[in-house]
1. For a quick protection proxy, order the peptides 119-129, 98-108 by their average other-Cβ count within 10 Å, most packed first.
2. Averaging sequence separations of C-alpha pairs under 8 Å and six or more residues apart, then dividing by the length of segment 3-287, give the relative contact order as a whole percent.
3. Just in segment 1-73: which GluC sites (Glu not before Pro) are loop by DSSP and have at most 15 other Cβ atoms within 10 Å?
4. Grab every C-alpha pair in segment 112-178, bin the distances at 10 angstrom width from 0 up to the longest one, and report whole percents.
5. Among the listed pairs LYS57/LYS85; LYS163/LYS229; LYS10/LYS240; LYS67/LYS214; LYS61/LYS163, which are separated by more than 24 Å between their Cα atoms?
6. When the Cα atoms of the chain are enclosed in a convex hull and the volume is divided per residue, what value in Å³ results?
7. Among ALA142, PHE187, CYS168, whose Cα lies farthest out toward the positive end of the dipole of segment 126-191, if unit charges sit on the beta carbon of Lys, Arg (+1) and Asp, Glu (-1)?
8. Around SER46, which amide H atoms from residues at least 5 apart in sequence, or from another chain, sit under 5 Å from its own amide H, with H modelled in the peptide plane?
Amino acid sequence: MKISDILVEKTPHLSFEVFPPKTDAAYEGVLKATEAIAELKPSYMSVTYGAGGGTSKNTVKIASHIKDKYNVPSLAHLTCVSSTKEEVHQVIDQLKASGIENILALRGDIPQESEFPLPNHYQYAYELIEDIKSQGDFCIGAACYPEGHVESEHKKDDIAHLKQKVDCGVDFLTTQMFFDNNILYNFLYRAREKGVTVPVIPGIMPVTNANQVKRILSMSGTNLPERFKAIVDRFGDNPKAMQQAGIAYATDQIIDLFANGINHVHVYSMNKPEVAAAIQANLSEILNK
Ligand code: FAD
């Protein structure tokens, strides 16, 4: 099923994300976590993609498994910056052969050790989107950044690039994580004003341990509201308390998004079925589950 068909539904829905293992030895553990999340019957599940290509085969394999065994629509991420166009085309062929209908088309982070762009490589996500569009009938998603992408000096340029990307054939957008919903509402206003009209799915990250916070800050520079910092300060040293507080914070954010008219929220559940299940249970009446 295409995600664009799910997004027309006007009732609250959640989707969850998993990431593939970096090594074959870790595959079974990831599969088990994926299956436990699929059993929650989210509206769809996304499977991330290693920018270096190392986990690409597992992305396709896990996305197929979710769809075939659990009948949960799957969204395969695909990055392009570290692969040749031929390599990317091979993955698109595999996705097509596996009956995966949804691709999140991403550039990936620029590898620090090589020149950019490499010959016969992609430079921006819009080039990948044009390629996917020409290779089959996929529902195509792309990334957006409510606080601006880290490489963009000006938010207005970032939105102009987003508009260009969407116009290449994007069916929906998923946001980077954010911890202050006002940032999302402000971004939606600016994006709509500039003609970005496709559905935007907010991405919510339940922060369940204090180390995650350092990683988030170094990767994305996301603004951390005082209320969030107070939680990490108070409970960061107590893993169980931090998990409970992180789930509560994410639940609060999601309720506010639903209350403000958003119908679909993507949860960065990070291979943690217990976190996905707790958030779903907190919202059981709202989700009718
Ligand atoms: P682009 O849309 O190409 O944008 C990258 C930068 O280039 C931006 O600053 C943009 O403003 C600028 N730009 C775009 N077009 C132009 C242009 N024509 N001229 C000049 N500048 C331009 N990474 C992974 O490795 N694997 C994943 O599975 C993954 N999943 C993600 C899921 C989501 C929802 C998000 C938000 C991010 C994800 N990422 C993932 C991270 C992503 O790959 C990085 O953020 C990457 O740096 C940018 O990818 P993009 O597709 O947004 O790039």
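1. 98-108, 119-129
2. 21
3. When the GluC sites (Glu not before Pro) of segment 1-73 are filtered for loop state and at most 15 Cβ neighbours within 10 Å, GLU9, GLU39 remain.
4. For segment 112-178, the binned pair fractions read 19, 44, 33, 4 percent.
5. LYS163/LYS229; LYS10/LYS240; LYS67/LYS214; LYS61/LYS163
6. Hull volume normalised by residue count: 133 Å³.
7. Positive-most Cα among the choices belongs to PHE187.
8. The list, which skips near neighbours in sequence, is PHE16, GLU17, VAL18, LEU75.
FYI, it's all coordinate maths here, none of it is from the lab. Predicted, not measured: the structure shown is a model, and the values here were computed from it. Backbone-built Cβ (ideal geometry, glycine too); neighbour counts: all protein chains shown.
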